[in-house]
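The values are calculated or read from the model by the stated rules, or taken from the named source; none is laboratory data. No experiment lies behind these values; they were computed from the predicted model shown. Counting neighbours? That spans all protein chains shown, and the Cβs are built from the backbone with ideal geometry, glycine included. Heavy atoms of the whole protein, side chains included, go into the accessibility calculation; ligands, DNA and RNA do not. Shrake-Rupley method; radii C 1.70, N 1.55, O 1.52, S 1.80 Å.
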Amino acid sequence: LCITSWSDSEQRPAQTENHSAPPDVTGYTNNTSNTTTTDGIQVERAPGGGTAAQKQTPKYGNAELMETGDGVPVSSRVSAKIQQLVNTLKRPKRPPLREFFVDDFEELLEVQQPDPNLPKAEGAQMVAMRGEQLGVVTNWPPSLEAALQRWGTISPKAPCLTTMDTNGKPLYVLTYGKLWSRSVKVAYNLLHKLGTKQEPLVRPGDRVALVFPNNDPGAFMTAFYGCLLAEVVPVPIEVPLTRKDAGSQQIGFLLGSCGVTVALTSDACHKGLPKSPTGEIPQFKGWPKVLWFVPESKHLSKPPRDWFPQIKDANQDTAYIEYKTCKDGGVLGVTVTRTAMLTHCQALTQSCSYTEAETIVNVLDFKKDVGLWHAVLTSVMNMMHVISIPYALMKVNPLSWIQKVCQFKAKVACVKSRDMHWALVAHRDQRDVNLASLRMLVVADGSNPWSISSCDAFLNVFQTKGLRPEVICPCASSPEALTVALRRPLEEGATPPSRGVLSMQGLSHGVIRVDSEEKLSVLTLQDVGSVMPGALMCVVKVEGVPQLCKTDEIGEMCVCTVATGSSYYGLAGMTKNTFEVFPVSNNGTPISEFPFTRTGLLGFIGPGGLIFVAGKMDGLMVVGGRRHNADDIVATALAVEPMKFVYRGRIAVFSITVLHDERIVVVAEQRPDSTEEDSFQWMSRVLQ
């Protein structure tokens, strides 16, 4: 950048005469005699009081008006030097950066030619994989509401949910009788006590928000089943923390597009929401105007004796909407029909061999995903007893879930790999631990490339405490496709679990090449079991037409089953692209007359029909023609012993576009006790 200046002794030039061609202060000058260079910045000095483009002109008087940079006429007393600078800045000579790369310039950008020596997929075309038949058991209920009614009337005293407080003591026990009667009360009040008789605020089919904190699963369950009984569609979301919470703003857009006018919340949560001086809850940024309603028994009217909710068989109406955050921070709502919800519960019941009155310990978020599916929906279908561990208790005592498994002799636990990791860190050889009662430990993020190390280490320590290796059951899921695959609790003669040690170099070119475990440049994956009952799975190419992959090629997994989401609420185009996919074989013919759903997961079907997930479509980044995955890069950062320098759980990986290619950005949060020098050395090792 050249900066034009005048010395005090030189005469300052007056107003520029030629407005259309101001001096180019962005280019370097050729006039070497008047140019000095300081630290690589060229400074151009004007010879003898002006430049060629500036002729001496009489100064304007006060009467004259002239234009400044933003086009506002002002008095001309502005120093001519400043005026010249303003005029120069007003008309930048260079095009903005992106205009350098418009299509005329395409040929100037070096296009990478594919290297003929790169690894290519050589296998045969893959064959779609079918899960076992979904057995229709004679006493399966025709809908989840029917199941709740059955248990609420024939086993009202059976425990449905036990919630722990932050000291690990039971806070309350919700029985099936109480869940049934309270849900009926909520349904009645939703339909008859909001708005007026002529103009009810909520009608069957309307969407309502469920805003419940993570420590109150009882209130959430009552509200959720109350909505199902009223045929109202619940949209569970997170509690907004402040009025301008950015994540909550995106959720507000979802609520607006769903036409939400009522938000259900718990008493404690309602008290904790930010309030205006008059005590009203202000409208959150980006949210529609909502009425806050606390569906707790003391605030509700009793339904008349002759009022009962209609218990229908599962149908194609929307049961609930689960929100999903996209790569760009936007929020979509995945709609799940009543038939899909029930079929999914049946598939989970069959895969996990759930039986009546079993006890299950849940550490996961019960509002969505694996936590919702196992600990709110499938548990009620089978009259199971859920022990809910709030995350606040896990922070105080990371062993709490293991202690509850022992205390209640639980058969099943639902956790994430981080819960296994922190239990190991806090373990310190506890004497009274006995995990022999566990027949299944569902690892919700078991498809993540970095979960395998937690599973291995956990088994290593707790095998001596009664934990059997076959109990660890990783699963793969997505908001669109629900449960995609699940490792079954091992029965006699079943396929033993396996792992794949894959070359990262091969994976970056989309092919599967087995490698040896010793290197840092390999990705070790554990299987996530087999396809769900009643489902058909295939793997299609990541780009272009959804063509079947070869057997040694990585692609996006797609499933064809009743038990998936059915649309992104209100977005027909995106819905078609995700929920109505027709995979084709090499010759272009569709492999099925029924549509498949994209799972958003990348992977392959291995030997014995075992499913391996190598990453997510959302985490895919293409640099120099090679694919990388955000999860792999997090795993790489974690492999460079980060514990001393950065927070293990606070690493974000994304890419930005530079010159038609992507560049990877890794953000890690530095620990307060780590020095800049330490962190810099750690960064250098990760970069290598």
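The table below gives the values:
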quantity	calculated
Qualifying residue in the range 443-461 (condition: buried (at least 23 other Cβ atoms within 10 Å of the Cβ), in contact (Cβ under 8 Å) with a residue 60 or more places away in the chain and more than 26 Å from Leu507 (Cα to Cα))	no
Subset of the range 111-157 [open to solvent by less than 20 Å² (accessible area, probe 1.4 Å), part of a loop (DSSP other than H, G, I, E, B), of a type in the set (Gly, Ala, Ser) and more than 25 Å from Pro546 (Cβ to Cβ)]	Ser143
Spans of strands (runs of 3 or more DSSP E) in the range 477-542 with at least 2 residues at pLDDT below 95 and within 27 Å of Pro119 (Cβ to Cβ)	499-503, 522-526
Residue check, Leu291 open to solvent by less than 40 Å² (accessible area, probe 1.4 Å) and in contact (Cβ under 8 Å) with a residue 40 or more places away in the chain	no
Complete set of residues in the range 158-194 that are open to solvent by 30 Å² or more (accessible area, probe 1.4 Å), under 21 Å from Pro213 (Cα atoms) and of a type outside the set (Lys, Arg)	Asp165, Thr166, Asn167, Pro170, Leu171, Tyr172, Val173, Thr175
Failed item in (1) touching a Lys or Arg at 6+ places or on another chain (Cβ under 6 Å); (2) assigned to a helix (DSSP H, G or I); (3) of a type in the set (A, V, I, L, M, F, W, C), with Phe458 passing the rest	(1)
Close pairs from the range 388-405: first without any contact (Cβ under 8 Å) to a residue 40 or more places away in the chain and over 17 Å from Leu438 (Cβ atoms), partner among the charged types (D, E, K, R) and in a helix (DSSP H, G or I), Cβ under 8 Å, at least 6 apart	Met394/Asp419; Pro398/Asp419
Residue match in the range 644-659 (condition: open to solvent by less than 30 Å² (accessible area, probe 1.4 Å), at pLDDT 85 or above and not in a strand (DSSP E or B))	no
Test: Ser351 is open to solvent by less than 30 Å² (accessible area, probe 1.4 Å), farther than 26 Å from Gly259 by Cβ and polar (S, T, N, Q)	yes
Close pairs (9 angstrom Cβ cut-off, 6 or more residues apart or separate chains): among the aromatic types (Phe, Trp, Tyr) in the range 637-663, assigned to a strand (DSSP E or B) and open to solvent by 60 Å² or more (accessible area, probe 1.4 Å) anywhere	Phe645/Gln670; Tyr647/Glu669; Tyr647/Gln670; Phe654/Ile664; Phe654/Val666; Phe654/Val667
Some residue of the range 620-628 being assigned to a strand (DSSP E or B), out of contact with any strand residue (DSSP E or B) (no Cβ under 8 Å at 6 or more places or on another chain), charged (D, E, K, R) and farther than 21 Å from Arg499 by Cβ	yes
